[in-house]
Structure formats: C-alpha cells, structure tokens
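Contents: one structure, followed by commentary.
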Amino acid sequence: MAKLSLSGLRKSYAGKQVLHGVDVEIDQGEFVVIVGPSGCGKSTLLRMIAGLEEITEGEIAINGQVVNDLDPADRGCTMVFQNYALYPHMTVAENIAYPLKIARVPKPERERRVREAAAIVDLSDYLDRRPAQLSGGQRQRVAMGRAIVREPQLFLFDEPLSNLDAKLRVSMRIEIKRLHKRLQATSIFVTHDQVEAMTLADTLIVMNGGRVEQIGAPAEIYDKPASTFVAGFMGAPAMNLLPATVSGPGRVTLDGIPDSSIQIEGYDVAPGTKVVLGIRPEDLVIDAGGADSSLSGAVDLVEELGSSRAAYCSVGPQELAVILPKGFALDRSGAIGLAVPPKAVHLFDAATGRRLESMEGQRSCATAMNASE
C-alpha cells in the first residue's frame with residue numbers, strides 16, 4: 001500500500017496551463033475517485049502520477065519519497081487504461097504475464113503469479129484464450145489481472161469502464177470494489193461519470209478547469225457542495241441553481257419573480273446580497289398552494305427514470321427540476337405548486353460561485369478550531 005502526496009502540481013502545454021497547483025494527500029489503502037467533465041485535467045493528473053507526463057512544477061511523493069525523476073517502472077504504480085491495451089496475438093495468460101516477462105521474472109514465479117491474478121479476476125478458465133474470444137468485461141478483467149500480477153503499491157484506473165455497455169459497467173463497478181476490498185491497495189480511479197464516482201469512492205476529488213473544486217466523502221460532497229459547479233455536476237437530475245437576492249432576514253427573492261419570497265434557515269447574509277439559491281430536485285415538495293416559500297409553475301417535460309419521474313418546470317423566467325412522488329397525477333393544465341423547505345436550501349455567492357457557510361457550519365468550524373488549540 002502507498003501513501004501519495006501531490007504538492008503544487010502544475011502542467012503546461014506550449015505555454016498553456018492545464019493544471020493549476022493541485023494539492024492532494026491520499027492515505028494508504030484509500031479508494032480515491034477523481035471526477036470531472038472532459039478536459040478538466042483529471043487524466044493528465046493521473047498520467048503525471050504514473051510518470052507518463054512530465055511535471056511542469058510541483059512534487060509527487062510516494063511513501064515520502066519524491067518520484068518526479070523516477071521512471072514509470074520504478075514508481076511502484078500500475079495503470080489500467082480505457083482501451084484495455086491487450087496484445088491480440090497473445091493468450092490471456094501471456095497478456096497477464098507480459099510485465100513479469102519484461103522484468104525477467106523466472107518462469108515458475110511468473111506462472112504462479114499469473115494463476116493467482118487470474119483467480120482474483122475470475123479468469124482461471126480462460127487463460128488459453130485470445131482477446132478476440134472474450135467479452136468486453138472479460139478483456140477489462142485481463143487488463144486488471146495484468147495490473148495485479150505486478151503487485152504494485154498503487155493502482156491507477158483511467159476511465160476503464162467507459163467502453164462498456166450500461167449493464168457491464170455496473171457489474172464491473174462491483175468487481176473493482178470487491179477487488180479493492182480484497183487487495184486493500186491504494187487506488188485512484190478517474191471518471192467523468194458522477195454515478196460511477198459516487199458508488200466507488202471512499203474519497204472524491206472533483207475537478208474543473210484544471211483545479212480541484214472539492215475533496216471529501218461522496219455524501220459530504222453531495223450534501224454540502226463547495227461551489228455551484230460541484231452542486232450542478234454531482235447529482236442526476238442536477239441541483240436547481242436559481243439567481244436570487246437576499247430580501248431581508250431569513251428571506252430571498254428569486255430574480256425575475258418579484259412575488260417570490262423563499263425562507264432560508266441558518267444563514268446570516270446582508271439584505272441586497274446577490275446569491276444563487278440551490279435546491280435538490282428531491283427536496284422540493286409538491287404544494288397545492290398556500291404554503292410558505294411556495295412557487296407556482298408549469299410543467300414543460302416529464303422524464304421517466306424507472307423508479308421515479310422527474311418533472312422540468314418553468315417558474316417565471318427560471319427552470320426547476322422536481323422529483324414527483326410515486327403515483328402523483330399531474331394537472332391536465334400542467335400547473336404545479338412547489339414548496340421550498342428552508343432546511344434544504346443551499347446558498348452560494350453569486351460572484352464567486354462558492355458556498356456560503358451557514359451559521360451551524362460556522363459554529364462547527366469554531367468548535368474544531370478551539371479543540372485544536
């Protein structure tokens with residue numbers, strides 16, 4: 001197992017900076033998922049850790065040793081790629097054994113380790129087959145077996161499930177989680193799929209534009225997103241983000257809807273402050289009218305999600321998504337009333353997009369600081 005430290009990592013291509021000072025600490029045995037949209041720098045960061053990309057600035061340390069100048073083969077890392085990278089003319093056993101053969105590991109030792117790795121990824125009955133005779137999921141397991149056989153300190157996964165169909169992705173997620181539980185190896189997994197990220201991670205790193213937006217447990221990031229980007233990226237349907245203005249103590253008015261008056265709880269923000277109000281679709285309550293903090297809208301579209309339905313509504317110039325209660329029948333006119341529970345409201349600074357800390361959060365921070373003194 002490896003402890004990984006990234007300090008001030010920067011990467012530039014032809015003078016254009018694509019990573020902007022990344023600082024991350026990863027403990028031994030953690031399963032960390034780096035998630036973000038395409039082009040945010042997550043795969044570049046992974047390749048820098050593996051030694052496949054040069055570092056423009058900063059340090060990478062594995063178990064306290066700076067590895068900036070070490071060759072990839074000497075870092076104790078192994079990488080599983082999106083495209084499997086299997087040799088079509090070799091058998092499964094030969095593909096798994098290849099890194100050991102290159103390292104001149106004696107044949108008896110190679111064969112033993114190949115058998116052990118194949119058993120871990122459930123490929124013992126396929127060792128004589130070639131990649132063309134395997135399913136997509138089996139090919140990905142060969143790639144994982146080839147990584148396991150090296151007995152690395154650190155596993156690196158670069159979007160390994162993106163080429164699989166939806167059913168296989170789910171089953172391979174379970175396989176990877178079981179593999180981590182069995183091996184207890186430090187693992188870093190890159191994906192753009194937020195569902196994949198939430199289900200796999202012990203710790204999530206959310207990236208955007210070459211910067212780390214937030215680091216935390218999946219539930220923490222979902223429940224307390226640090227920015228409007230994180231709030232909008234993590235969750236399906238995404239959090240509703242509505243421009244608003246603080247109209248008085250404990251109240252905000254949604255921009256473009258003068259008669260809206262939404263109660264907020266636990267925030268001490270000066271009247272006139274421009275904010276973004278966030279509310280998860282599942283936290284909105286269908287309201288027949290008359291409730292405090294209620295809004296009137298019209299349903300434009302209903303999306304069937306299987307276990308639930310999402311309605312997309314127009315409320316004045318703004319659009320909201322709401323999860324409909326099971327069995328709820330929409331009015332023929334499409335009219336809908338929505339109540340905003342005060343405790344479910346998130347507030348973000350309109351200028352910076354950063355989360356505004358509630359008074360409860362401020363008290364928690366103060367308690368932690370006092371305890372550390």
One finds the C-alpha centres of segment 192-255 and segment 116-154 to be spaced, in Å, by 37 Å
Between Arg129 and Met1, the FRET efficiency computed from the C-beta separation at R0 = 35 Å comes out, to the nearest 0.05, as 0.60
Taking only the alpha-carbon positions of the chain as identical scatterers, the Debye log10 I(q)/I(0) at q = 0.12, 0.15 Å⁻¹ comes out as -0.98, -1.25
Along principal axes, largest first, the alpha-carbon spread of segment 238-364 in whole Å comes out as 43, 30, 25
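In deg cm²/dmol, rounded to 500, what helix-only [θ] at 222 nm does the chain give when every DSSP H run of at least 4 residues adds -39500 (n - 2.57) and the total is split over its residues? Intermediate values should be presented prior to the final figure.
Details: 9 runs with 98 residues, N = 373.
My calculation for the chain gives -8000 deg cm²/dmol from helical runs alone.
Computed FRET efficiency, Cβ-Cβ of Ala73 and Thr352, R0 51 Å: what is it to the nearest 0.05? Intermediate values should be presented prior to the final figure.
Values: r = 43 Å, r/R0 = 0.85.
Calculated value: 0.75.
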Counting sequence-distant residues (5 or more places) and residues on other chains, those with an amide H built under 5 Å from that of Ala350 are Val275, Val276
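Between Met90 and Ser171, take the C-beta separation as r, use R0 = 30 Å, and let me know the FRET efficiency to the nearest 0.05.
On the way: r = 25 Å, r/R0 = 0.83.
Calculated transfer efficiency: 0.75.
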Relative contact order in percent for the chain (Cα pairs under 8 Å, 6+ apart) equals 15 percent
Across Arg75, Arg332, Arg115, the residue with the highest GNM fluctuation in the chain (Cα network, 10 Å cutoff) is Arg332
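Around Met90, under 13 Å between beta carbons, what's the net of Lys plus Arg minus Asp minus Glu among the other residues? Display every interim value, and only then the final one.
Values: positive: Lys101, Arg129, Arg130, Arg139, Arg146; negative: Glu94, Asp128.
With Lys, Arg at +1 and Asp, Glu at -1, the neighbours total +3.
Antiparallel DSSP bridges in segment 4-229: what percent, to the nearest 5?
On the way: 20 of 38 bridges.
About 55 percent, rounded to the nearest 5.
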Note on segment 219-281: C-alpha Rg/Rh, Kirkwood Rh, two decimals, gives 0.99
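Only the coordinates and a few stated rules stand behind these numbers; no lab work does. Values in this document were obtained by computation on a predicted structure and should not be read as measured data. All Cβ positions, even for glycine, are placed from backbone atoms using ideal geometry, and neighbour counts span all protein chains on display.
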